[in-house]
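What follows draws every value from the coordinates through simple rules; no lab data is involved. Predicted, not measured: the structure shown is a model, and the values here were computed from it. FYI the Cβ positions are ideal-geometry reconstructions off the backbone, even for glycines, and counts take in every protein chain you see.
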Amino acid sequence: MENAISLLTILPGKKDEVNTFVSKVLSEIDAGIYNPLELFVRLNALTKAMGLIKEAIESQAQDEFSKYGEKSTEVYGANIQQAEAGVRYIFDKCGDVNYDALILEQNKIAEKLKKQEDFLKTIPVSGIEVTDENTGEICRIFPPAKSSKTILKIILK
């Protein structure tokens with residue numbers, strides 16, 4: 001019986017292999033050879049599995065990469081580079097009172113904005129007339145437009 005990793009090695013591992021594989025899969029779906037919904041569910045499960053595996057072995061892969069002694073190397077049909085990603089600055093520990101005051105102001109504005117957005121969501125489609133508190137002008141306001149994308153939510157059993 002094959003081990004789990006041997007199943008992964010039959011999948012494409014290089015850029016041109018990925019492109020060819022994708023083309024073949026899409027052709028087979030278009031030809032009705034395979035049910036697209038079943039494939040969608042399987043791909044969802046595979047994506048979840050790949051993510052968990054990558055997360056679990058990332059440290060080991062970093063250790064293996066360090067054996068090459070380079071910041072970049074070509075191996076296994078890929079150019080692998082070590083890079084810093086997701087750099088974050090933590091400003092709240094700087095002790096800058098100006099920064100702290102700006103954050104406080106930002107939070108107050110965000111709270112006001114959220115309340116205004118909640119109000120706007122309650123307006124009927126026909127709109128309502130309101131008086132501008134600054135100018136006294138009467139204007140008609142409408143609810144926000146909505147947009148969404150229909151997706152298939154997959155819950156593996």
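Summary table below
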read-out: Counted charge near VAL41, where neighbours are those whose Cβ lies closer than 15 Å (Asp, Glu -1; Lys, Arg +1); value: +3
read-out: Given LYS15/LYS149; LYS115/LYS146; LYS121/LYS149; LYS114/LYS146; LYS121/LYS146; LYS48/LYS153, the pairs whose alpha carbons are separated by over 21 Å; value: LYS15/LYS149
read-out: Calculated FRET efficiency for the pair THR122/VAL87, C-beta based, R₀ 30 Å, to 0.05; value: 0.15
read-out: Cα pair distances of the chain binned at 5 Å [whole percent]; value: 1, 5, 7, 9, 10, 9, 8, 10, 10, 9, 8, 6, 4, 1, 0, 0
read-out: Qualifying GluC sites (Glu not before Pro) for the range 1-43 [loop in DSSP, other Cβ within 10 Å: at most 11]; value: GLU2
read-out: Between helix 97-121 and the chain: long-axis angle, C-alpha atoms, 0 to 90°, nearest 10; value: 80
read-out: Scattering curve values for the range 4-81, log₁₀ I(q)/I(0), Debye with Cα scatterers, q = 0.17, 0.21, 0.26 Å⁻¹; value: -0.88, -1.15, -1.34
read-out: Inter-site label distance for LYS153 and ASN134 at 7 Å from Cα along Cβ, in nm; value: 4.0
read-out: Mean separation of Cα contacts under 8 Å, 6 or more apart, over the residue count of the chain: relative contact order %; value: 13
read-out: Derived scalar couplings ³J(HN,Hα) [the range 68-81; Karplus, 6.51 cos²θ - 1.76 cosθ + 1.60; whole Hz; x for Gly, Pro]; value: 6, x, 10, 7, 8, 8, 10, 7, 6, x, 9, 8, 10, 10
read-out: Relative packing of 140-147, 68-75, which averages over residues the other C-beta atoms within 10 Å, highest first; value: 68-75, 140-147
read-out: Integer Hz, Karplus 6.51/-1.76/1.60 couplings in order for the range 12-22, x for Gly and Pro; value: x, x, 10, 3, 5, 5, 4, 4, 5, 4, 4
read-out: Separation of the SER23 and ALA78 label points, Cα + 7 Å toward Cβ, nm; value: 2.3
